[in-house]
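Just below is one structure, and these are the notes that go with it.
The values are calculated or read from the model by the stated rules, or taken from the named source; none is laboratory data. Quantities reported herein were computed from a predicted structural model and do not represent experimental measurements. Don't worry about glycine lacking a Cβ; one is built from the backbone with ideal geometry, like all the others, and counts go over all protein chains shown.
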Amino acid sequence: MAGRTLIVDGYLTTRPRLYGRGTLLILGAFLWMGVFLFAPLAGLAVLAFATRGEYGGVEWTFTWGNLVRLAGWDEFGFSWNHVQIVWRSLWLATVTTVLCLLIGFPMAFWIAAKPARWRGLLLALIMVPSCVNLVIRTYAWQQFLGAQMPAAWVAQHLGLVPEGSALYPTVAAVYLGMVSCMLPFTVLPLYTSVERLDWTLVEAARDLHAGRLRTFRHGILAQCMPGLLAATILTFIPSLGMFVISDMLGGAKFLLIGNLIQQQFGSMNDWPFGATAGLFLVLASLVALWGLRLVSERETPHARGRR
Amino acid sequence: MTHPPADGRPLDLAIRAIDKAFGSVQVLRGLSLDIPDGQFVTLLGPSGCGKTTLLRIIAGFEAPDRGTVTLGAVDLLALPAHKRPVNTVFQSYALFPHLRCEDNVAFGLRSRRIPEAELRPRVREAMETMRITEFARRYPHELSGGQRQRVALARALVNEPEVLLLDEPMSALDAKLRHEVQGELKRIQRKYQITFILVTHDQDEAIAVSDRILIMQDGGIAQDGTPEQVYERPVSRFVAEFMGSANLLPARCAGTPVAVCGFGELHLPAPATWSEGHLAIRPEDIEVRQAQPAVNGVAGRISERLFRGDHWELLVTLGDSSTLRITTEPDQHHSEGEAVWLELPPDDLLVLRD
């Protein structure tokens, strides 16, 4: 006999047969991930340790050189350039995420408090901008922030910018572009958390003498933790690799790791170094995910091993 | 928030002329109520009678449109929920899922910034009283319904409230456990000697635990009395039907102590105030006779006969095909289809308000 029989979804089956069927079902996903994610990643990892050819191209000579260059040393000695780029990327992604959470959390509450028939519409409206290509949206921001437009006019009259100048390229414009781009990905997971909120826990906290902050912490925030983590991941990770917005609204001096990678594969024609920077970005993302996982385990200890 | 208060005055709860409407639905209508310190009171009624709303007003989760609620000399309505000396056991228990049992129990004390050194023995004692010490390190989802409920009780009681509110706390438990918890509640109330206000729609539960039962109907109080009074002497048709303990007899009365029912005439202890209304009589007050009794004899036929262990329950169909429920001693033997005389003693006939 091939093990004990069991009933799943009303069908009599055995464990090996169940595993067989399960494997068959996820085979497609495995193949897809293997061919289009893991294989290219492996290629990237190999490429990162190859040498750039004399006139571009790739020479398959092993070297640590790309790594050393990313850390800041090149033929002219040490420079803070790359460290700055990495730091700026991390900082931009962090601030963008925090801003998105600060804006998105009240927004999620606002939508969840609307009558059911409005909620779908409001969520759809939040998603609509994402249907437009990012480059086009960023061009729209350039138009909007242009020197002759009302926003710039107001800023000029308030003395924030010199007469006749546009509001981009500036750091503020980059944040504006980043937040407007990432906000939908923050709001949606937050909304699903907020919508399912058990309000009796808020009442329980009030009943147990908790003030506003403590009620928020234990009555609301603790329940929203899964949504907050999902929102953080979905905002932070893409922000880390973003380069279009900083390029178009931040100008040439506002380089991010995304821009660095794009340059290597594009104009610089230095694929091995681009691969190194790309690999670094993947690793940085993994570290961020791992850190968030630690936070998640500390904040939702009751959820561990629940399934 | 110690008990009894320093000045020795009892902390009676006084509820005065409370009105509350949700939109166009009037939930409480001029409700007034006095609850002496240390009483176990049950608000009993069908869903929608306003009992939960009244509880939420006392807790501070709802504000009444009009009226006052005072505890001793303290105006409760002037205090936000988290500053009231009142704690609640929620229907769903509302335990914090991310906190261990002991941290759930300690929550109220930590909110009030009680030092850990003082807090720990109090939490331990509350957990011992509720017999949940062994679950201290567990999370709520790792407990059964009954265990969770004991955590919820400990979490409320550890704060030493002046009034404990219980919102249908037993509705999620099975029948056997419910019986245990009812006894437990009574024991705890005696130990802490604080006012308990229980909301329920279960008559048996109300009778088992309460010092006093308030039957609520349409945002007002239909009857206020001890469990015995409410059970044995319902004042209105609504209460009699809700308690389900008595036979209801539609009747007419023309100012004399004689009522005309569908199956015949009945002598009453006193004339009824209505011309058309209801009488009630409890199943155990009806006597089964072989011959026609002198007063209030009614002829009928036993249509159903159920053995209930300590008594027989008979359903007797009368001349107008209405039925009366009767209980008899287990040694009395009747058979189905048997023709019998029933005696409805005038002194046991309750003349209801309506």
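Points worth noting:
- Residues located in segment B:103-138, provided they are within 20 Å of B:Val86 (Cα to Cα), within 12 Å of another protein chain (Cβ to nearest Cβ) and either touching a residue at least 24 places away in the same chain (Cβ under 8 Å) or of a type in the set (D, E, K, R) (or both): B:Asp103, B:Asn104, B:Val105, B:Ala106, B:Phe107, B:Gly108, B:Leu109, B:Arg110, B:Ser111, B:Arg112, B:Arg113
- Helices (runs of 4 or more DSSP H) fully within segment B:192-293 that include at least 3 residues being farther than 29 Å from B:Gly319 by Cβ: B:203-209, B:227-232.
- The set of residues from segment A:261-286 being of a type outside the set (Asp, Glu), closer than 13 Å to A:Gly53 by Cα and touching a residue at least 40 places away in the same chain (Cβ under 8 Å) comprises A:Asn269, A:Trp271, A:Pro272, A:Phe273.
- Criterion (closer than 22 Å to B:Gln217 by Cβ, outside the structural domain of B:His333 (by TED's automatic domain parsing), surrounded by 14 or more Cβ atoms within 10 Å (Cβ to Cβ) and touching a residue at least 24 places away in the same chain (Cβ under 8 Å)) met by exactly one of B:Ala280, B:Ala240, B:Ala251: B:Ala240
- Answer residue from segment A:178-210, given it is of a type in the set (Gly, Ala, Ser) and crowded, with 18+ Cβ neighbours inside 10 Å and is nearest to B:Ser92 (Cα to Cα) among those: A:Ala204
- Where strands (runs of 3 or more DSSP E) fall entirely within segment B:8-117, those with at least 2 residues that are in contact with a Ser or Thr (Cβ under 8 Å, 6 or more places away or on another chain) and not charged (D, E, K, R) are at B:13-22, B:25-35, B:40-44.
- Applying the criterion of being under 16 Å from A:Thr235 (Cβ atoms) and surrounded by 15 or more Cβ atoms within 10 Å (Cβ to Cβ) to the residues of segment A:104-128, the residue that is modelled with the lowest pLDDT is A:Ile126.
- Restricted to helices (runs of 4 or more DSSP H) entirely inside segment A:192-304, those with at least 2 residues that are more than 14 Å from chain B (Cβ to nearest Cβ) and over 16 Å from B:Pro97 (Cα atoms) are A:222-241, A:244-250, A:257-265, A:271-299.
- Looking only at segment A:211-237, and only at residues there that are of a type in the set (Ser, Thr, Tyr) and under 21 Å from the mean Cα position of the chain (by Cα), the one that is surrounded by the most Cβ atoms within 10 Å (Cβ to Cβ): A:Thr235
Residue-by-condition table, conditions (1) more than 14 Å from every other protein chain (Cβ to nearest Cβ); (2) touching a helix residue (DSSP H, G or I) at 6+ places or on another chain (Cβ under 8 Å); (3) in contact (Cβ under 8 Å) with a residue 12 or more places away in the chain; (4) of a type in the set (Gly, Ala, Ser):
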{"site": "B:Asp34", "(1), (2), (3), (4)": "yes, no, yes, no"}
{"site": "B:Pro46", "(1), (2), (3), (4)": "yes, yes, yes, no"}
{"site": "B:Glu62", "(1), (2), (3), (4)": "no, yes, yes, no"}
{"site": "B:His82", "(1), (2), (3), (4)": "no, yes, yes, no"}
{"site": "B:Pro85", "(1), (2), (3), (4)": "no, no, yes, no"}
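- Take the conditions (1) surrounded by 15 or more Cβ atoms within 10 Å (Cβ to Cβ); (2) assigned to a helix (DSSP H, G or I); A:Ala166 misses just one of them, which is (2).
- Within segment B:139-157, residues that are more than 8 Å from chain A (Cβ to nearest Cβ) sit with their Cβ atoms under 8 Å from residues that are of a type in the set (Val, Ile, Thr) and part of a loop (DSSP other than H, G, I, E, B), at 6+ positions apart or across chains, in these pairs: B:Gln147/B:Ile132; B:Arg150/B:Ile132; B:Val151/B:Ile132; B:Ala154/B:Ile132.
- Taken over segment B:294-316, residues that are in a loop (DSSP other than H, G, I, E, B) and under 29 Å from the mean Cα position of the chain (by Cα) amount to 4.
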